[in-house]
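Data block below; observations after.
The values are calculated or read from the model by the stated rules, or taken from the named source; none is laboratory data. Remember, it's a predicted structure, so these values are computed and weren't measured experimentally. Positions of Cβ are generated from backbone atoms using ideal geometry, with glycine treated the same way; all protein chains shown enter the neighbour counts.
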Amino acid sequence: MKEKELQEYWTSRYEENRTGWDIGYPSTPIKAYVDQLENKDIKILIPGAGNAYEAEYLFDAGFPKVYVLDISAKPLEALKKRVPDFPTSQILQEDFFEHTGTYDLIIEQTFFCSFEPTPENRSKYAKKMSQLLAPRGKLVGLWFQHPLVPNGNRPFGGNKEEYLQYFIPYLTVKVLSECYNSIAPRADNELFGLFIL
């Protein structure tokens with residue numbers, strides 16, 4: 001899909017309330033990771049942020065440099081209503097692959113699994129993440145581990161071995177293992193990953 005088509009597609013999903021990925025709060029593994037961060041001055045990006053509950057949690061916890069990016073304006077408007085003090089300049093309606101900037105931390109939460117699961121798309125994702133990270137910057141988050149179904153629907157899955165082949169050319173893999181604290185509906189279906197530039 002082209003950018004305009006993608007924008008329309010995701011906007012329609014929000015308008016029609018077809019947002020099965022949206023759990024309404026920060027996911028437990030991301031919250032647990034955030035809670036152990038000591039440096040609150042780091043610059044953070046959440047791409048494909050949707051309603052951005054993780055961003056709201058970070059902002060309320062005293063992280064001022066949180067940036068959210070989504071191709072659809074709809075969920076970003078919802079964030080503005082929920083958190084009026086969230087800096088407008090840090091709410092970005094853009095195509096992830098066109099975005100420029102550097103970040104100390106990028107948080108992955110149901111974004112990777114939204115792309116058509118071609119090797120080209122997945123490699124492009126990993127490369128773009130590496131381009132957006134500052135030196136020693138970290139990509140942290142969750143990747144679904146369930147079989148890819150031919151002509152299946154989102155969320156598109158995969159497995160650890162497949163994901164590693166996309167990330168290893170661009171990032172150092174520190175952790176990619178089965179998530180021990182997933183929310184109940186995603187138990188045994190998520191990998192927690194930490195990659196460093």
Quiz item: Considering only residues of the stretch 125-138 that are surrounded by fewer than 20 Cβ atoms within 10 Å (Cβ to Cβ) and charged (D, E, K, R), which is nearest to LYS174 (Cα to Cα)?
Solution: ARG136
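Let's see how each residue does on (1) surrounded by fewer than 20 Cβ atoms within 10 Å (Cβ to Cβ); (2) aromatic (Phe, Trp, Tyr); (3) within 15 Å of the chain's Cα centre (by Cα); (4) farther than 23 Å from ALA32 by Cβ:
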| position | (1), (2), (3), (4) |
| --- | --- |
| LEU105 | no, no, yes, no |
| PHE111 | no, yes, yes, no |
| GLU120 | yes, no, no, yes |
| SER123 | yes, no, no, yes |
| VAL140 | no, no, yes, no |
| TRP143 | no, yes, yes, no |
| PRO147 | yes, no, no, yes |
| ARG154 | yes, no, yes, yes |
| GLU162 | yes, no, no, yes |
Quiz prompt | Tally of residues being modelled with pLDDT of 95 or more and more than 25 Å from ARG122 (Cα to Cα) across the stretch 61-75 | solution = 5
Quiz prompt | Single residue of the stretch 53-84 satisfying the filter (among the acidic types (Asp, Glu) and either out of contact with any helix residue (DSSP H, G or I) (no Cβ under 8 Å at 6 or more places or on another chain) or in a helix (DSSP H, G or I) (or both)) that is surrounded by the most Cβ atoms within 10 Å (Cβ to Cβ) | solution = GLU54
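Determine, yes or no, whether TYR25 is closer than 21 Å to PHE192 by Cβ, of a type in the set (Phe, Trp, Tyr) and either part of a helix (DSSP H, G or I) or in contact with a Lys or Arg (Cβ under 9 Å, 6 or more places away or on another chain) (or both).
Criteria met by TYR25.
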Self-check item: Qualifying positions in the stretch 143-190 - within 15 Å of TYR125 (Cβ to Cβ), among the aliphatic types (A, V, I, L, M) and touching a Ser or Thr at 6+ places or on another chain (Cβ under 8 Å)
Solution: LEU171
Exercise. Taking only the stretch 179-197 into account, find how many residues are over 20 Å from ILE106 (Cβ atoms) and either touching a Cys at 6+ places or on another chain (Cβ under 9 Å) or at pLDDT 95 or above (or both).
Key: 4
Quiz item: Out of all the residues in the stretch 139-159, is one or more assigned to a helix (DSSP H, G or I) and touching a residue at least 40 places away in the same chain (Cβ under 8 Å)?
Solution: no
Exercise. Please tell me if GLY158 is touching a His at 6+ places or on another chain (Cβ under 9 Å), crowded, with 17+ Cβ neighbours inside 10 Å and not aliphatic (A, V, I, L, M).
Key: yes
